[in-house]
Every structure is written in structure tokens, then in C-alpha cells.
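Just so it is clear, none of the values below were taken in a lab; they were calculated from the coordinates. Please read all numbers here as calculations on a predicted model, not as lab measurements. Neighbour counts are summed over all protein chains in view; Cβ atoms, including those assigned to glycine, are modelled from backbone coordinates with ideal geometry.
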């Protein structure tokens, strides 16, 4: 069965500091990994995805994520956090078999402290 | 502007009411989805339509009835809902449901409160 884990419900970071939001996955085939962000009272916005190729993927708003196959992880990172980055972040995985749909984690709330 | 538009953004309905949520995508996609987002739970996939044909129904109660009249529009008809159905309902679309690498794009959601 496919699953995604976001081990931290809440991450706090000071403005200007680097941030990391963690994600690990469990799939039976090759994973396709996605990050989405949800601002208050809004829908989900696509940030970035890993399909194949370079393990380091760059996305919107200065975010990047590193695919690590041996650790089955896809952590989201940003070198310097902004207060406006405060939001709910979702990791998701999609596989080539089965229903071929996105499986989401439970989300991590990021708060950037001024 | 996400390319996927949902109306209404907020809906309060009684348990005996009939209402509908509407979704329209302007991205030229072939697949459309309904997701349910409840507090402290992962997003739940409810329905998937591909080229106007329902291809997945994840054991959703019959009080939720989807309709996809064309590849740009998707409805979720609501009837005799329960308070536990209160949630954020997200519509989404993608270019081709079968291509795993395709990105799914979401609308802003419809907040539903059942009283």
C-alpha cells in the first residue's frame, strides 16, 4: 500500500533561517513525489515535483526538495524563510500502478517567526 | 487565479437540504477530481472523472452524487448530508489521469457546513 508520512505536525523557524519540512514515503513501485502548499482559507497550490532525473528539484517561491531513494525521503527546503511562507505544507506520492492517484500526508504547519 | 474555479466558496446547509458544488477548469485538462479535506486527516479522494466518464468512486456515501457534463465542468450534488460531512471540498484537474507525472491542480475549495 502507498503511504506518505509527515512526522512533524508543526515546524517553527525564525525569519531568515533555513527551513526543512520532512516527508517520507512508502510505495511498491517508482514514486512520483509532489509538494503542495495551502495558505489559510485557500486551496492547495503546487510547489514542485520529482519525476526522474536530478535528485534536487527546484520549485516555486525559492523552495526545493531532495529525493533520497535509500532513505525514502523527499524533504522540502528553503535557504532563507520568509514570514509569508507560513502555511500548511502537504507531501504527496503517486505511483504507476493501481489507482494512479495522489496519496497525501497529513500536512505540516510551518510558522515563520519575525 | 489557479485555473480551477469553485463555487460557492462557502455553503451552510441543513441536513434535509439539496445543494450543489460547482467546479470549472480553464486549463484544457481531461481529468477532474473531487477531494474532501477534514481537520487532522489526509486529503481523501472522492471521485475521479476522465473524459467525462467516472473512473473511480472511493466508497463515498450515496448522499454525494457527482456529475461531469463535459471535460471542463464538474458538480457535486449534496442531499441529506450529516454534520460529519462538514469539510473543505476541493476540486482538481490534470492533463491526463493515466500519466503519473502529470500535476494535479486544485481549486480554492468550497467550505461546507452542515447544520
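General observations
- Some residue of segment B:84-92 being within 14 Å of another protein chain (Cβ to nearest Cβ), touching a strand residue (DSSP E or B) at 6+ places or on another chain (Cβ under 6 Å) and farther than 30 Å from residue A:8 by Cα: no
- Within segment A:6-17, the presence of a residue that is in a strand (DSSP E or B), within 14 Å of chain B (Cβ to nearest Cβ) and free of Cβ contacts under 8 Å to residues at least 40 places away in the same chain is excluded.
- Any hit, segment A:27-42, residues being without any contact (Cβ under 8 Å) to a residue 12 or more places away in the chain and within 9 Å of chain B (Cβ to nearest Cβ): yes
- Restricted to segment A:23-67, the set of strands (runs of 3 or more DSSP E) holding at least 3 residues that are touching a strand residue (DSSP E or B) at 6+ places or on another chain (Cβ under 7 Å) and closer than 18 Å to residue B:42 by Cα comprises A:24-26, A:31-38, A:44-50.
- Any hit, segment B:25-33, residues being within 13 Å of chain A (Cβ to nearest Cβ), within 30 Å of residue A:60 (Cα to Cα) and surrounded by fewer than 14 Cβ atoms within 10 Å (Cβ to Cβ): yes
- Being more than 21 Å from residue A:10 (Cα to Cα) and surrounded by 17 or more Cβ atoms within 10 Å (Cβ to Cβ) is true of residue A:101.
Okay, residues lined up against (1) surrounded by fewer than 21 Cβ atoms within 10 Å (Cβ to Cβ); (2) under 15 Å from the mean Cα position of the chain (by Cα); (3) in a loop (DSSP other than H, G, I, E, B):
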| position | (1), (2), (3) |
| --- | --- |
| B:54 | yes, yes, no |
| B:69 | yes, yes, no |
| B:77 | yes, yes, no |
| B:93 | no, yes, no |
| B:102 | yes, no, yes |
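- Residue match in segment A:54-68 (condition: within 13 Å of chain B (Cβ to nearest Cβ) and surrounded by 15 or more Cβ atoms within 10 Å (Cβ to Cβ)): yes
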